[in-house]
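Student: Can you read through this structure? Questions will come right after.
The values are calculated or read from the model by the stated rules, or taken from the named source; none is laboratory data. Please read these numbers as outputs of a predicted model, since none were measured by experiment. Using ideal geometry, Cβ is built from the backbone for each residue, glycine included, and neighbour counts are taken over all protein chains shown.
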């Protein structure tokens, strides 16, 4: 009996030795006794014996299982790791890309970055227009402005006579002139300087220039994002068009003109196409070259007006609705339900989820008790809906479509 | 990461692993603990499912189960708890497949943990105080059962030796013992309650 107290559950290793037949008779007896007493030992022992009988390579199986457990344990870890790595990679990528862009913008003569940084502030004060110009350009412009401050007059003078030329040409023409004198200055200023001057031109010639002419404004060399700003007007009376839409072709983005016909469309790339439209006007399509475009004139179009009216109707009514609108219908439902409750105080209250079909004449039919509500309530809900408004229903290819719907009636 | 590696070098007890898991939810530690007993789980699963792949899948599913269960349960004896989890899992599997579980495999109603906890002292207590009853009860057993019980418990022979002496098949010896033991227990309890 003393032995029994000592008896602990044999280890699996010990059991395995039993199965292989390495144990002495008394050791075997101990194992057997333990197995008789202890389900765990018994199961393990029987299992080991069965594994041996089935000639299964237990070692290989266990190695595989250990591996699977480790994989399972790691899997959770991996869910974390990519998160960190991805964000780190994104940061590195962003920095790298920014650096590359700056490098692209800079010339081989290497503008000192410290100078560029310093001049950032300067530029922001100097030209509010630069808000819409991407950073590298901004830096470069700042650089230019600072260096150019001692002789701004000279440059403007150089530009002024050529104002009537397309601005891109202007830029390329002005470049060689400057280059011999000051390599640094000229290289940096080629891109931004026209932008600045173009802004001036825009304000000066706002009324006379058209969008088409404007598209010949200088093209930024890189695929950069900027905010497009413009104004939409009626071509005949020059009035601002309010609520006109400006849509980016190929993207589901756009802007709407404000009370003065102005719009701002962020994240536009050069050479993006925009379509400007307003109800009752012929839409206009423009290829974006610069962040600012002059007033876009739209011509009135009666045909377009009627077309818009036709196509928009079914879209509006795609979801069926009560003839007199939802508000009136909901009021009707509520008063009817309240009246019923007031008259039938003994009936339990609740919500009826009513499923029904609206036929082509707008009448509801085929009622179903969707939420298994009290039959009395359901009956009343059917009566209320039947006596209520008829329904305006969807049209597909100008044919009325019977439609199934659900309605909740609260009692 | 380094800490984890260092920590896993030190051999922790089951309870330490469990405490760590409940504290941190760190799967690596639980995986290490599970690997420690994986051979037992595999053997148990194979015992019930009798198919290598089924048993392997069972081992992995039992692991999934303890990942969630251990978050809520406080487990004293991990190995025996793990066994009952594995066993219950297998029995569920068999039930789903509508395979009849062989009689031997069906465990008596009392919960396993109770059984483990109570049996040692109960055995000692009972046998010491009811040796006379035992003698009577032994006579009520079927002959094969009585012989097996005598040889096994009184002479402390192993199955092989009993089989050799009596000519019973080894597997039979075991079932004689199991049934004999159960009958004895019933008999003794009957005596105790009058």
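Student: Tell me yes or no: at least one residue of segment B:81-95 is in contact with a helix residue (DSSP H, G or I) (Cβ under 9 Å, 6 or more places away or on another chain) and either modelled with pLDDT under 85 or surrounded by fewer than 13 Cβ atoms within 10 Å (Cβ to Cβ) (or both).
Tutor: no
Student: Hey, another quick one. So the check is Cβ under 8 Å with 6+ separation or different chains; which pairs have a first residue in segment A:275-288 that's in contact (Cβ under 8 Å) with a residue 24 or more places away in the chain and a second one that's in a loop (DSSP other than H, G, I, E, B) and loosely packed, with under 14 Cβ neighbours inside 10 Å?
Tutor: Matching pairs, first to second residue: A:275/A:249; A:278/A:243; A:279/A:243; A:281/A:299; A:285/A:249; A:287/A:271; A:288/A:271.
Residue-wise test of (1) more than 17 Å from residue A:335 (Cα to Cα); (2) part of a strand (DSSP E or B).
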{"site": "A:356", "(1), (2)": "yes, yes"}
{"site": "A:361", "(1), (2)": "yes, no"}
{"site": "A:366", "(1), (2)": "yes, yes"}
{"site": "A:371", "(1), (2)": "yes, no"}
{"site": "A:376", "(1), (2)": "yes, no"}
{"site": "A:381", "(1), (2)": "no, no"}
{"site": "A:384", "(1), (2)": "no, no"}
{"site": "A:389", "(1), (2)": "no, no"}
{"site": "A:404", "(1), (2)": "yes, yes"}
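Student: Go through segment A:39-58 and give me each residue that's closer than 16 Å to residue B:81 by Cα, within 7 Å of another protein chain (Cβ to nearest Cβ) and either at pLDDT 90 or above or buried (at least 23 other Cβ atoms within 10 Å of the Cβ) (or both).
Tutor: To start, the set of residues in segment A:39-58 that are closer than 16 Å to residue B:81 by Cα comprises A:39-44.
Remaining after also requiring within 7 Å of another protein chain (Cβ to nearest Cβ): A:39-40, A:43-44.
Passing the criteria: A:40, A:43, A:44.
Student: How many of the residues making up segment B:151-190 are away from every other protein chain (no Cβ under 11 Å), crowded, with 17+ Cβ neighbours inside 10 Å and assigned to a loop (DSSP other than H, G, I, E, B)?
Tutor: Within segment B:151-190, residues that are away from every other protein chain (no Cβ under 11 Å), crowded, with 17+ Cβ neighbours inside 10 Å and assigned to a loop (DSSP other than H, G, I, E, B) number 1.
Student: Out of A:13, A:55, report the one residue that is more than 58 Å from the chain's Cα centre (by Cα) and farther than 30 Å from residue B:155 by Cβ.
Tutor: On the way: A:13 fails: farther than 30 Å from residue B:155 by Cβ.
Checking each option against the conditions leaves just A:55.
Student: Give the residue, chosen from A:271, A:237, that is closer than 29 Å to residue A:105 by Cα, modelled with pLDDT of 80 or more, part of a loop (DSSP other than H, G, I, E, B) and out of contact with any helix residue (DSSP H, G or I) (no Cβ under 7 Å at 6 or more places or on another chain). Break it down into steps so the answer makes sense when it comes.
Tutor: Working: A:237 fails: closer than 29 Å to residue A:105 by Cα.
Result: A:271 is the single residue among A:271, A:237 that is closer than 29 Å to residue A:105 by Cα, modelled with pLDDT of 80 or more, part of a loop (DSSP other than H, G, I, E, B) and out of contact with any helix residue (DSSP H, G or I) (no Cβ under 7 Å at 6 or more places or on another chain).
Student: Given the criterion touching a helix residue (DSSP H, G or I) at 6+ places or on another chain (Cβ under 8 Å), at the interface with another protein chain (Cβ under 7 Å from one of its Cβ atoms) and modelled with pLDDT under 90, identify the matching residue among A:73, A:69. It would help to see each step written out before you state the result.
Tutor: Values: A:69 fails: modelled with pLDDT under 90.
Only one candidate qualifies: A:73.
For every residue, the table says whether it meets (1) at the interface with another protein chain (Cβ under 9 Å from one of its Cβ atoms); (2) in a helix (DSSP H, G or I); (3) within 24 Å of residue A:48 (Cβ to Cβ); (4) over 17 Å from the mean Cα position of the chain (by Cα).
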site: B:19; (1), (2), (3), (4): no, yes, no, yes
site: B:22; (1), (2), (3), (4): no, yes, no, yes
site: B:30; (1), (2), (3), (4): yes, yes, no, yes
site: B:34; (1), (2), (3), (4): yes, yes, yes, yes
site: B:42; (1), (2), (3), (4): yes, yes, yes, no
site: B:46; (1), (2), (3), (4): yes, yes, yes, no
site: B:53; (1), (2), (3), (4): no, yes, yes, yes
site: B:59; (1), (2), (3), (4): yes, yes, yes, no
site: B:62; (1), (2), (3), (4): no, yes, yes, no
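Student: Now a separate question. Please find, among A:15, A:36, the residue that is modelled with pLDDT of 90 or more and assigned to a helix (DSSP H, G or I). Spell out how you get there, then give the answer.
Tutor: On the way: A:36 fails: modelled with pLDDT of 90 or more.
On inspection, the qualifying residue turns out to be A:15.
Student: Residue A:213 versus (1) at pLDDT 85 or above; (2) closer than 19 Å to residue A:299 by Cα: which is the lone unmet condition?
Tutor: That leaves (1) as the condition not met.
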